[in-house]
Amino acid sequence: MAFPYLLCTFVGGEILDMISQSGAVAKAVLLILLAFSILSWAIILSKWSLLHKARLQSGRFLRAFRKAQRLGDMQSVAEQFRPSPLVGVFQSGYDEYKRQAVGASGAVHSSVAIQRAMQIAASEELTRFERSLPWLAITAAVSPFVGLFGTVWGIIDAFHGLGTAGAATLRAVAPGISEALVTTAAGLAAAIPAVIAYNLLTHSIREFAARGDDFAMEFLNTVESGASLPPTSPATGAHR
């Protein structure tokens with residue numbers, strides 16, 4: 001246990017020394033990469049938390065929906081299942097259903113309109129999930145090139161110093177090159193988590209899109225099978 005700790009301490013100290021001895025351009029590049037990394041990790045953690053809660057609440061919402069006797073019963077408790085995207089899809093479908101419902105049977109004249117309303121709501125929910133994700137793609141694409149720029153600049157500076165000193169030895173040029181390579185490592189450290197998270201989050205969002213489509217079909221089946229609105233007035237109740 002002691003050896004890995006000492007190794008990490010030594011390596012970390014060496015990297016900090018190289019960063020402190022690097023030039024202004026390299027330090028500026030490292031600050032830019034640090035900003036990209038902090039931003040990407042903030043997005044990753046927030047989106048991961050949001051999708052975890054949405055997945056948990058979606059399962060609970062579906063169980064409650066399948067147990068409900070009437071759509072109106074479900075509508076009264078739907079908001080407690082936020083942040084599930086299925087809640088927004090259900091609300092849009094239910095609102096359109098109420099506009100079309102005729103008589104105590106709750107018959108509708110256009111199930112296509114209900115489906116379209118639910119598709120629009122599903123698209124809005126997915127847009128909410130995808131917000132800020134482009135920054136992860138930008139971080140994954142740009143960070144390695146920013147780090148490479150710092151490395152190239154550092155190597156140019158190292159060889160320029162070598163030419164000025166006139167000492168053409170590996171010992172003379174190695175420190176400058178190693179300092180320059182730190183920016184490439186920093187660029188990769190910022191890009192790798194971003195590209196992994198972007199692909200995983202995108203896959204999860206696609207799963208929610210498929211689940212929203214499935215729920216829309218299930219909602220339409222419930223409507224067409226005769227689920228009715230709750231009574232909205234004493235006259236309606238007396239009629240029934």
Residue check for GLY161: modelled with pLDDT under 80 and under 30 Å from ALA190 (Cβ atoms): yes
Inter-residue pairs, beta-carbon under 8 Å, first within 10 Å of TYR198 (Cα to Cα) and at pLDDT 90 or above and in region 116-143, second outside any loop (DSSP other than H, G, I, E, B) and among the charged types (D, E, K, R), 6+ apart: LEU133/LYS47
The lone exception for VAL195 - which of (1) hydrophobic (A, V, I, L, M, F, W, C); (2) at pLDDT 90 or above; (3) under 30 Å from MET74 (Cβ atoms) it fails: (3)
Selection from region 31-70 of residues that are assigned to a loop (DSSP other than H, G, I, E, B) and of a type in the set (A, V, I, L, M, F, W, C): ALA68
Scope region 121-136; condition exposed (fewer than 15 other Cβ atoms within 10 Å of the Cβ) and over 8 Å from the mean Cα position of the chain (by Cα); matching residues: SER123, GLU124, THR127, ARG128, PRO134
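The values are calculated or read from the model by the stated rules, or taken from the named source; none is laboratory data. If you're wondering where the values come from, they're calculated on a predicted model, not measured in any experiment. Glycine also receives a Cβ, built like all others from the backbone with ideal geometry; neighbour counts cover every protein chain displayed.
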